[in-house]
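Okay, structure first, notes after.
The values are calculated or read from the model by the stated rules, or taken from the named source; none is laboratory data. Because the structure is a prediction, the values reported are computed rather than measured. No Cβ is skipped: glycine too gets one built from the backbone with ideal geometry, and neighbour counts run over all protein chains shown. All accessible areas refer to the heavy atoms of the entire protein, side chains included, with ligands and DNA or RNA removed. Shrake-Rupley method; radii C 1.70, N 1.55, O 1.52, S 1.80 Å.
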Amino acid sequence: QVQLVESGGGLVQPGGSLTLSCVASRPIFNSAKMGWYRQAPGKQRELVANIRSDGLINYADSVQGRFTISRDNSKNTVYLQMNSLKPEDTAVYYCNAYRIWDDAWGQGTQVTVSS
């Protein structure tokens, strides 16, 4: 199974920005749908954004216009650029790589938006 490692989380003030990174242990972007999910305390894990192998992108309504998902095939890395952050964006953010035969998750990175 592919291994995923996230980084880039931290504490940021409302209105600030962060960029999360997810490095895959081997090239899979041509066969996997890569996604970012988040889970806040007491809530279910939810989709934030994903990007298909053909490049089609989907965002949750709550982040549309503020977050941008992208990938760098040469670095086996998926990014989540987060702008105009709000306290309700506070959560553990997880990277996911989905293929029909494989569903891999990273360990998560904490994002806290607070003044």
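So here's what we get for this one:
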item	result
Top-ranked residue in region 49-73 [being open to solvent by less than 40 Å² (accessible area, probe 1.4 Å) and out of contact with any Leu (no Cβ under 7 Å at 6 or more places or on another chain); ranked as modelled with the lowest pLDDT]	Gly55
Failed item, numbered, when Val12 is tested on (1) closer than 20 Å to Trp105 by Cα; (2) at pLDDT 95 or above; (3) over 14 Å from the mean Cα position of the chain (by Cα)	(1)
Cross-chain or 6+ apart pairs with Cβ under 7 Å, region 21-38 first and under 15 Å from Trp101 (Cβ atoms), then open to solvent by 70 Å² or more (accessible area, probe 1.4 Å)	Ala32/Tyr98; Lys33/Arg52; Lys33/Tyr98
In region 6-48, residue surrounded by the fewest Cβ atoms within 10 Å (Cβ to Cβ) [restricted to those that are of a type in the set (A, V, I, L, M, F, W, C) and farther than 13 Å from Tyr79 by Cβ]	Leu11
Flag if Ser21 is among the hydroxyl-bearing types (Ser, Thr, Tyr) and at pLDDT below 95	no
Top-ranked residue of region 84-109 - restricted to ones that are charged (D, E, K, R) and open to solvent by less than 70 Å² (accessible area, probe 1.4 Å), ranked as modelled with the highest pLDDT	Asp89
Residue within region 58-80 that is part of a loop (DSSP other than H, G, I, E, B), under 25 Å from Thr112 (Cβ atoms) and hydroxyl-bearing (Ser, Thr, Tyr) present	yes
Tyr37 being closer than 17 Å to Gln1 by Cβ, at pLDDT 95 or above, assigned to a strand (DSSP E or B) and in contact with a strand residue (DSSP E or B) (Cβ under 9 Å, 6 or more places away or on another chain)	no
